[in-house]
Amino acid sequence: MNITLNLDDKMFNAKPQGQEIAAIRKRLGRGTVTISTDELINHIELGKSFTPAAMTGTTGDTWTSQQIIVADIDNETETTADQDGVLMQYAPISSGSATALCDRYGITPFFMYHTFSNSDDLEKYRIVLILDQPIADKQEAAELTARFADIFNKR
């Protein structure tokens, strides 16, 4: 299966910092590429950044379509108030527990990978879904992404 997205051409072996981030954003804004899902995995393994959406520039108003949905699991302990004002605390979730949650909801991730920020003390990873067809509505893509991430944030 081929997908269209924005892909950086520079490889990193550690999390980019400072001005490197602005440079990545600029390179991602050059335009889209169409690659196979296997090629995407290879690029990620090489330490290249990507956007899950196809964009013609660097801002949200240049969004054109999206075929990839990503849940970014940073595993920071979070305390938020629910709709009744009750404080809820969400603890880190292991990748194994996240996989079990996907199974429970009938979701089959295309792949998962650990980010540069992953450590023995705090697991950080991304869960990637690849849709059969691109979404052409930006709001629909944003809502689907939010619903997917919410599975892991409010378990």
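I need the full set of residues from the stretch 42-67 which are over 23 Å from ALA136 (Cα atoms) and loosely packed, with under 15 Cβ neighbours inside 10 Å, in order please. Walk me through it before giving the result.
Step one: filter the stretch 42-67 for residues over 23 Å from ALA136 (Cα atoms), giving 42-48.
Residues satisfying the conditions are ASN42, GLU45, LEU46.
Do you know which of the residues in the stretch 5-43 that are of a type in the set (Val, Ile, Thr) and touching a residue at least 24 places away in the same chain (Cβ under 8 Å) is nearest to ASP61 (Cα to Cα)? Among residues in the stretch 5-43 that are of a type in the set (Val, Ile, Thr) and touching a residue at least 24 places away in the same chain (Cβ under 8 Å), the one nearest to ASP61 (Cα to Cα) is THR32. Out of the residues in the stretch 92-111 that are free of Cβ contacts under 8 Å to residues at least 24 places away in the same chain and open to solvent by 70 Å² or more (accessible area, probe 1.4 Å), which is nearest to ASP72 (Cα to Cα)? Here the answer is THR108. Only one of the numbered conditions (1) more than 22 Å from PRO134 (Cβ to Cβ); (2) of a type outside the set (Lys, Arg); (3) touching a Gly at 6+ places or on another chain (Cβ under 9 Å); (4) modelled with pLDDT of 95 or more is not met by ASN6, and that is (1). Taken residue by residue, the stretch 1-15 has at least one member that is open to solvent by less than 20 Å² (accessible area, probe 1.4 Å), of a type in the set (A, V, I, L, M) and either in a strand (DSSP E or B) or within 21 Å of TYR113 (Cα to Cα) (or both). Among the residues of the stretch 17-41, those that are modelled with pLDDT under 95, part of a loop (DSSP other than H, G, I, E, B) and surrounded by 11 or more Cβ atoms within 10 Å (Cβ to Cβ) comprise GLY29, ARG30, GLY31.
Residue check: ILE69 meets all listed conditions (1) over 27 Å from ASN13 (Cβ atoms); (2) assigned to a strand (DSSP E or B) but one, namely (1). Residues in the stretch 49-61 include none that are of a type in the set (A, V, I, L, M, F, W, C) and either in a loop (DSSP other than H, G, I, E, B) or free of Cβ contacts under 8 Å to residues at least 40 places away in the same chain (or both).
The values are calculated or read from the model by the stated rules, or taken from the named source; none is laboratory data. From a predicted model like this one, the values you see are computed outputs, not experimental measurements. A quick note on method: Cβ atoms are made from the backbone with ideal geometry, for glycine too, and the neighbour counts reach across all protein chains shown. Just the protein is used for accessible areas: all its heavy atoms, side chains included, with ligands, DNA and RNA removed. Shrake-Rupley method; radii C 1.70, N 1.55, O 1.52, S 1.80 Å.
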